[in-house]
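Participant: Next up is a structure, given as structure tokens.
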Amino acid sequence: MKFPEDFIWGAATSSYQIEGAAYRDGGGRSVWDMLGRQAGRIANGDTGEIACDHYHHYKKDIDLMAEVGLQAYRFSISWPRVLPDGAGKVNQQGLDFYSRLVDTLLEKNITPWITLFHWDFPYELYCRGGWLNRDSADWFADYTQLVVDRLSDRVSHWITLNEPQCFIGLGHQDGIHAPGMKMGVSEVLLAGHNALRAHGKSVEVIRAQAKAAPFVGASQASIISIPVSDQPHDIEAARQHMFSIRKKHVFNNAWFSDPMILGRYPDEGVELFAADMPEIFAGDLECINQKLDYFGTNIYSGIHVRATADNGFAVVVKKDLAETAMGWPVTPEALYWGPGFFHQRYQMPVVITESGMANDDRVNNGMVHDRERIEFLDKYLGEYARAIEDGVPALGYFLWSLLDNFEWAEGYSKRFGIVYVDYETQQRVLKDSAGWYKNLIARHISESSQDAETATDKNHTVECV
Ligand code: IFM
């Protein structure tokens, strides 16, 4: 598989899933801390209070990143760690932690990609209405300002929101994720609208205030529609299915991305949601529709789709697909069709900001043989390379995840890392997949430099002639 010369190879994590040290050094509570205190909400009664204790082990974790050869590391800032009440009083110790993290990454030549919000919403702001409060967009903009002031001299890559489909859909509609609410559709859409406004205001702040030229996007939770054949009618059916909104739910591929990038909510959704649509004030859509530098998408799997006789689409359930430990089907072609369909619709370069799998990993004589993950990555990345070969501009890939970590409502029962974490001892073990990823990155870098040398030689020959 071949990738562009300047392709970015990375891995991703998020604050609540790995940091631990909840409330340490003046940090505040998030809605996830509060959900974890409610019986029966999280598998095995797990919480993120200790997690991978990355807050104390970040240096060792960055050494592991360097050992794998990562060029970029995507992590998130915990909003309540830097603003314990979500707004107002600043916790300098929290900011210092992220400043040290950035410096240590840069010392190892690893480019930091900061996600501003990966679900640990400040509990104190939740008590003031959370995303339902129209002020939430300004709270987020002020928080962005704080982070940008402190880190943008060394950080230029930004992700505003991670997966609004999840923190709004699973958190406010299905009640599975924090804050654990099952709201009516109109409230869900209002929360989503304010989150979109928060994204817009955050981008405005980054563009206006960042010291180093910023590169900005957001990360969408994407379920990809895969055509059952390469016939044009199946491809068209899959494309239509991919962006259609059929249920009164916000977990789909267009509801959040269309306003961010096209400046309007998708018609089909507006019709379906009808009277539940939130009030849209003058200027809201302009504020949401900020210039972005790339389309960030988190892709784990897809659904097969075929064309019907009346030019519509139908889902084809394939029964023989392997599944990951999450029960998600293994569908490598999602990494071919997803980037392609997104590029077609939004005309932007693509970055896979998350992709990977949960596996039943075990330590055996000090090693973790996660053959399933290697096969998964090999096939998925092969499809991504094919999409690029076919003309999709794609800039990078962030493997989810660097470390095994707190998998939200599933607690620690699902292991996504290329590094195994023993939660009792906080020991880390590089899994076989980490070695595989290391070789892939190294091979890519050496091939790229050989290509560059050949190109230079050719240039010289031309000059001499
Ligand atoms: O662990 C999550 C991550 O926080 C968001 N995207 C999906 C991952 C796997 O479920």
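The values are calculated or read from the model by the stated rules, or taken from the named source; none is laboratory data. Everything numeric in this text was worked out from a predicted model, so none of it was measured. Ideal geometry is used to build each Cβ from the backbone, glycine not excepted, and the neighbour counts take in all protein chains shown.
Participant: Go through the stretch 379-419 and give me each residue that's in contact with a helix residue (DSSP H, G or I) (Cβ under 9 Å, 6 or more places away or on another chain), assigned to a strand (DSSP E or B) and away from the ligand (no atom under 16 Å from the Cβ).
Facilitator: Ala394
Participant: So, Ser401, is that one of a type in the set (S, T, N, Q) and within 20 Å of the chain's Cα centre (by Cα) or not?
Facilitator: Details: of a type in the set (S, T, N, Q): yes; within 20 Å of the chain's Cα centre (by Cα): yes.
Against the criterion (of a type in the set (S, T, N, Q) and within 20 Å of the chain's Cα centre (by Cα)), Ser401 qualifies.
Participant: So Asn439 ticks every box in (1) under 23 Å from Lys59 (Cα atoms); (2) within 16 Å of the ligand (Cβ to nearest atom) but one. Which box is left unticked?
Facilitator: Here Asn439 meets the rest and fails (2).
Participant: Within the stretch 285-312, how many residues turn out to be over 25 Å from Lys379 (Cβ atoms) and either of a type in the set (Phe, Trp, Tyr) or within 16 Å of the ligand (Cβ to nearest atom) (or both)?
Facilitator: Matching residues across the stretch 285-312 total 0.
Per-residue answers, yes or no, for (1) within 16 Å of the ligand (Cβ to nearest atom); (2) modelled with pLDDT of 95 or more; (3) of a type outside the set (Gly, Ala, Ser):
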| residue | (1), (2), (3) |
| --- | --- |
| Trp113 | yes, yes, yes |
| Leu116 | yes, yes, yes |
| Trp119 | yes, yes, yes |
| Arg128 | no, yes, yes |
| Ala137 | no, yes, no |
| Asp142 | no, yes, yes |
| Gln145 | no, yes, yes |
| Asp149 | no, yes, yes |
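Participant: Report yes if some residue within the stretch 349-356 is more than 16 Å from the ligand (Cβ to nearest atom) and modelled with pLDDT under 95; otherwise report no.
Facilitator: no
Participant: Further question on the same structure: Considering Glu19, Glu49, Glu67, which residue is within 16 Å of the ligand (Cβ to nearest atom) and among the charged types (D, E, K, R)?
Facilitator: Glu19
Participant: While we're here: May I ask you to list the residues in the stretch 315-341 that are surrounded by fewer than 20 Cβ atoms within 10 Å (Cβ to Cβ), in contact (Cβ under 8 Å) with a residue 40 or more places away in the chain, touching a Ser or Thr at 6+ places or on another chain (Cβ under 9 Å) and more than 22 Å from Asp360 (Cβ to Cβ)?
Facilitator: Once the filter is applied, which keeps residues that are surrounded by fewer than 20 Cβ atoms within 10 Å (Cβ to Cβ), in contact (Cβ under 8 Å) with a residue 40 or more places away in the chain, touching a Ser or Thr at 6+ places or on another chain (Cβ under 9 Å) and more than 22 Å from Asp360 (Cβ to Cβ), the stretch 315-341 yields only Val315.
Participant: With the structure loaded, tell me whether Ser219 is under 21 Å from the mean Cα position of the chain (by Cα), in a helix (DSSP H, G or I) and of a type in the set (Ser, Thr, Tyr) or whether it fails that test.
Facilitator: The answer is no for Ser219.
Participant: Follow-up question, since we're still on this one. It is to be established whether one or more residues within the stretch 226-249 are without any contact (Cβ under 8 Å) to a residue 24 or more places away in the chain, part of a loop (DSSP other than H, G, I, E, B) and on the phi > 0 side of the Ramachandran plot.
Facilitator: No; the residues of the stretch 226-249 include none that is without any contact (Cβ under 8 Å) to a residue 24 or more places away in the chain, part of a loop (DSSP other than H, G, I, E, B) and on the phi > 0 side of the Ramachandran plot.
Here's the yes/no breakdown for (1) more than 22 Å from Gly312 (Cβ to Cβ); (2) surrounded by 18 or more Cβ atoms within 10 Å (Cβ to Cβ):
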position: Ala212; (1), (2): yes, no
position: Gln231; (1), (2): no, no
position: Ala237; (1), (2): no, yes
position: Trp255; (1), (2): no, yes
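Participant: Going by what's in this entry, would Phe342 be described as closer than 27 Å to Asp230 by Cβ, aromatic (Phe, Trp, Tyr) and within 15 Å of the ligand (Cβ to nearest atom)?
Facilitator: No.
Condition check ((1) β-branched (Val, Ile, Thr); (2) farther than 20 Å from Ala51 by Cα; (3) under 20 Å from the mean Cα position of the chain (by Cα)) across all residues:
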residue	(1), (2), (3)
Gln344	no, yes, no
Thr353	yes, yes, yes
Arg371	no, yes, no
Val392	yes, yes, yes
Ser413	no, no, no
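Participant: Another question about this same structure. So which of Ser186, Ser229, Ser219, Ser202 is within 16 Å of the ligand (Cβ to nearest atom) and modelled with pLDDT of 95 or more?
Facilitator: Working: Ser186 fails: within 16 Å of the ligand (Cβ to nearest atom); Ser229 fails: within 16 Å of the ligand (Cβ to nearest atom); Ser202 fails: within 16 Å of the ligand (Cβ to nearest atom).
Within the list Ser186, Ser229, Ser219, Ser202, the selection yields Ser219.
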